[in-house]
Structures are given as structure tokens and as C-alpha cells.
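Below is one structure, written out as C-alpha cells, with a few remarks after it.
The values are calculated or read from the model by the stated rules, or taken from the named source; none is laboratory data. Because the structure is predicted, anything quoted here is derived from the model rather than measured. Here the Cβ positions follow ideal geometry from the backbone for every residue, glycine too, while neighbour counts run over all protein chains shown. Side chains included, ligands, DNA and RNA excluded: accessible areas come from the protein's heavy atoms. Shrake-Rupley method; radii C 1.70, N 1.55, O 1.52, S 1.80 Å.
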Amino acid sequence: MLVEQLGERGTPMPPQRSKTVEALLVGAERAFAERGFHGASIGYICQCAGRTTGAFYSNYDSKLKLFLDVFRRHGDRTADYIGERIAHVDTKRDLAPQLARIFAGIFSGEHLDARWVFIHLEFRMMALRDHEAATALVDHENWFSGRIGTMLDALFERAGHRPALTGTELAALLGAMTRGIKLDRAIYAVGGVADPLSSDQVARALEGLFRSVM
């Protein structure tokens, strides 16, 4: 559920507040990507959003709460992106190469761009030092893996497969792989070094992973 339309996952927002929250989310996404969590002041976030600090405090009581909403919003978009592709998988054909192509596309950057590598990394670094951030991150990862896992479980059931891992376990593993590969690729790009893993190699490795659990 998009957080600009819903409050605490289900409570409708008034239209004007929805527009303000949407502007703050878009501005915060830009500000956090450019300056990081600590470097992006509330004033700069509001400048990027085209809103006043009063508008910020009318909707959020802390920068962390806004950061979490930006993170959750991206999780919703990513889950929708994956779900649309899983829905088009042909269960009469071999699932492994089809699923490998879906997730290789995410690994190669078709959806998760470089700025999200830094946002994810900063959230994790912050979670190591902040209990509230750690709790929120664990809740988010469990929700995200569960949502993708439900899609995978339904797909395997339609295809008559009984995989060695549950959909949620497989989604958690794929999430960890995505973050690691995207981080390495971002570092290689900054250093001007060629990525040792091509998209085709990643796709073949993922195909092997899917075959091993199915």
C-alpha cells in the first residue's frame, strides 16, 4: 500500500495531506540519496520537497519516521514490480530460467538503481547503532520477504513443485544476494573497475539456485 495514500498501513489520508506527504517522500528520497540520512537536514528535505518545515512537522515527528516511509514505499514498488513479473511466469515451462531472468534483472539494475544501494546501506549501518531503526528494519525485511514469499509459494503450487525452501526463505536469500551484488557493483563503478560478474553469469547462477531448491 502506498504510504502517500495510507497512514499506518490502512488508514486513509485526507487528499491535501496525501499530496503533502507525497511531496515530502519524493523530496526526502532525493535528499537522502544525495546527502545520506545524517547529511540531509530537515530544511534541505523540505527544500527538495517544495514544502515548509511546518508541513514536515505536521506529518512527521522525526526524520527517521520519514526515512522509514521512504524505505517502505520503495519496498512496495519493488514488490509490485516482482509480482507483475511472477504473475506472467508460464507454469507449463521450466520455472528456473524464467525466475532467474526476473531476479537477474533486479540484480543488474533494471529496477534497483545505484542510489538505493546507498540508502539500503545507510539504513543497515544506522540499524547497527539504533534500536528503533533495527526493529523497523527487521520488521520491513520480514514483511518484504513474506510478500515475495507468498508470490513464490503460489507459483510453485500452481506448477506442482515442492521446493526445499519456503517462498519466504528463498525471498530472504535472494534479498541478501541482491544487496551484496548491488553494493559490489556500485563500488566497482565508482572505482572504474569492470564488474567480474556479468548479467549472464548472474542469471546462470540464479538458475542453478532455483533448480537446486525445486
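Details
One line per residue, one yes/no per condition, for (1) buried (at least 16 other Cβ atoms within 10 Å of the Cβ); (2) assigned to a loop (DSSP other than H, G, I, E, B):
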residue: His120; (1), (2): yes, no
residue: Glu132; (1), (2): no, no
residue: Arg147; (1), (2): yes, no
residue: Leu155; (1), (2): yes, no
residue: Arg162; (1), (2): no, yes
residue: Leu173; (1), (2): no, no
residue: Ser212; (1), (2): no, no
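- Residue count for the range 178-210, restricted to those that are surrounded by fewer than 17 Cβ atoms within 10 Å (Cβ to Cβ), among the hydrophobic types (A, V, I, L, M, F, W, C) and more than 16 Å from Ala96 (Cα to Cα): 7.
- Residues of the range 54-65 satisfying the condition of being outside any helix (DSSP H, G or I) and surrounded by 18 or more Cβ atoms within 10 Å (Cβ to Cβ): Tyr60
- Residues in the range 22-41 that are open to solvent by 40 Å² or more (accessible area, probe 1.4 Å) and farther than 17 Å from Glu122 by Cα: Glu22, Val26.
- Flag: Arg51 does not match the condition of being open to solvent by 40 Å² or more (accessible area, probe 1.4 Å), touching a residue at least 12 places away in the same chain (Cβ under 8 Å) and part of a helix (DSSP H, G or I).
- Count of the range 79-110 residues, restricted to those that are at pLDDT 90 or above and assigned to a loop (DSSP other than H, G, I, E, B), is 8.
- Matching entry among Gly83, Gly105, Gly54, Gly75 (being out of contact with any Leu (no Cβ under 9 Å at 6 or more places or on another chain), among the small types (Gly, Ala, Ser) and over 30 Å from Val213 (Cβ atoms)): Gly54
- Residue that is nearest to Glu29 (Cα to Cα) [pool: residues in the range 66-90 that are open to solvent by 30 Å² or more (accessible area, probe 1.4 Å) and more than 17 Å from the chain's Cα centre (by Cα)]: Ala87
- Which numbered condition Met126 fails, given (1) surrounded by fewer than 17 Cβ atoms within 10 Å (Cβ to Cβ); (2) more than 28 Å from Thr91 (Cα to Cα); (3) touching a residue at least 60 places away in the same chain (Cβ under 8 Å): (1)
- The residues in the range 91-101 that are of a type in the set (A, V, I, L, M, F, W, C) and open to solvent by 20 Å² or more (accessible area, probe 1.4 Å) can be counted, and the count is 0.
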